[in-house]
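Colleague: Got a structure for you, questions after.
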Amino acid sequence: MTADVISVLLGALAGVVATYAALRTTGAQRAAAPRAVPEPIGGDQDRAARLVDALPFAAFTVDARSRVRVFNAAACALFSVDRARAIGRALIEVVPSVDLERMVQAALRGETTTRDVAFGSGARERYYGVTAQPYEDGAMAIAADRTALLAAEKMRSDFIGNVSHELRTPLSAMKLMLETVLVADDDAEARTLFLPQIQGEVERMIRLVEDLLELARSESGSVPLRRERFDLGDVAAATVNTFAQRADALGIELELEAPEPVHVEADRGNLTQVTVNLLDNALRHTPAGGRVTVDVRRDRGNAMLRVCDTGVGIPFADLPRVFERFYVVDRSRSREHAGTGLGLAIAKHLVEAHGGSLVAESVYGQGATFTMRIPAARG
């Protein structure tokens, strides 16, 4: 749901409450002087207050002096406020937010405003979508936590930007090389130089598109799991054999430790892809003379597959984000490693589809360890 739609809904809900109260107002004369603590009210005004109090979303009303009249239960939970201490106090005391206070002051002047307001700071910062509007002789505001929605929107925007960049870069390079070959006519040297590079870029784009499709399927949960019973060590051994020649060419020692059979009831193809992605990632980030170890064993009731490398490691600040799509720890070296930036994200989704977990551990400069755990087969 977009920010505009949320804003319209919040405004509409506030309008419903305001209209209801206005239609039910008896027109009785209100006290000329505003009171710090409002006296009990009855009749239709009391019913309107109870309506605001019963709303399932955060809502509160203030009088003309910006003192709280009604602070419903949802608002108490959202703002972590004790209702008994809120009633009758200035709003800025109850919710110490300058932005919220300005919105309410604008509502007291007859304006309706809708915006996202930040509360807290650092890791505890939250964003609430707030609509403030005039209400009887004061103002009313409703709010909803939009932190997760805004984070998802940013992730979507970043994802589109990353995909565009990953596709545009090879396309631009291929266009330039093809133009050079065409201008050179029958220049055999130009064809020998550029055509293999064009082929390499095409293959890279094909891998990217295939990974994007695989990621989309795994995230949507539309990939059926063809479960069968097998030894996870067999999958690890086959994958290690596949990468043996590449490891030799890179000067990296590749080892497998599988001291005993570890049976699982899982999708062999999916777990093979997870192992391939983890091993490919380890080899790409381990320099010549390093070592990559694949370890398979039981861990209580789980089957564990661990891939350890002696590579460059992952900085502490980057560690929580290594499973994000297109996230690259060192962008200056990303083209050199030629990865799509989706392998770890795909691996995590596939593991979680099996009811397992995939975690990363690292000390920067001392390598990294990726550990997959899924339920072991019974018996």
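The values are calculated or read from the model by the stated rules, or taken from the named source; none is laboratory data. Everything numeric in this text was worked out from a predicted model, so none of it was measured. Here the Cβ is made from the backbone with ideal geometry for all residues, glycine too, and neighbour counts use every protein chain on show.
Colleague: Please go through segment 110-128 and give me each residue that is hydroxyl-bearing (Ser, Thr, Tyr) and in a loop (DSSP other than H, G, I, E, B), ordered by number.
Modeller: Residues of segment 110-128 hydroxyl-bearing (Ser, Thr, Tyr): 112-114, 121, 127-128.
Scanning segment 110-128 gives THR112, SER121.
Colleague: Pairs please, first residue from segment 343-366 and in a helix (DSSP H, G or I), second anywhere and among the hydroxyl-bearing types (Ser, Thr, Tyr), Cβ atoms under 8 Å, 6+ apart in sequence or on different chains.
Modeller: ILE346/SER218; HIS349/SER218; LEU350/SER218; VAL351/SER357; ALA353/SER218
Colleague: Further, regarding this structure: Out of all the residues in segment 51-69, which are over 16 Å from LEU100 (Cα atoms) and of a type in the set (Val, Ile, Thr)?
Modeller: If the condition is that a residue be over 16 Å from LEU100 (Cα atoms) and of a type in the set (Val, Ile, Thr), then VAL52 is the only one that fits.
Colleague: With respect to VAL235, is the statement that it is at pLDDT 90 or above, farther than 21 Å from SER357 by Cα and outside any strand (DSSP E or B) true?
Modeller: Working: at pLDDT 90 or above: yes; farther than 21 Å from SER357 by Cα: no; outside any strand (DSSP E or B): yes.
In short, no.
Colleague: Name the one entry in VAL52, VAL95, VAL37, VAL62 that is modelled with pLDDT under 90 and crowded, with 17+ Cβ neighbours inside 10 Å. Explain how you work it out, then say what you get.
Modeller: On the way: VAL95 fails: modelled with pLDDT under 90; VAL37 fails: crowded, with 17+ Cβ neighbours inside 10 Å; VAL62 fails: modelled with pLDDT under 90.
Criteria check complete, one pass: VAL52.
Colleague: Does any residue of segment 361-368 turn out to be buried (at least 19 other Cβ atoms within 10 Å of the Cβ), at positive phi and at pLDDT 85 or above?
Modeller: Pass one, segment 361-368, residues buried (at least 19 other Cβ atoms within 10 Å of the Cβ): 362, 367-368.
Checking the rest, the ones that are also at positive phi come to 367.
Keeping just the survivors that are at pLDDT 85 or above gives 367.
There is at least one residue in segment 361-368 that is buried (at least 19 other Cβ atoms within 10 Å of the Cβ), at positive phi and at pLDDT 85 or above.
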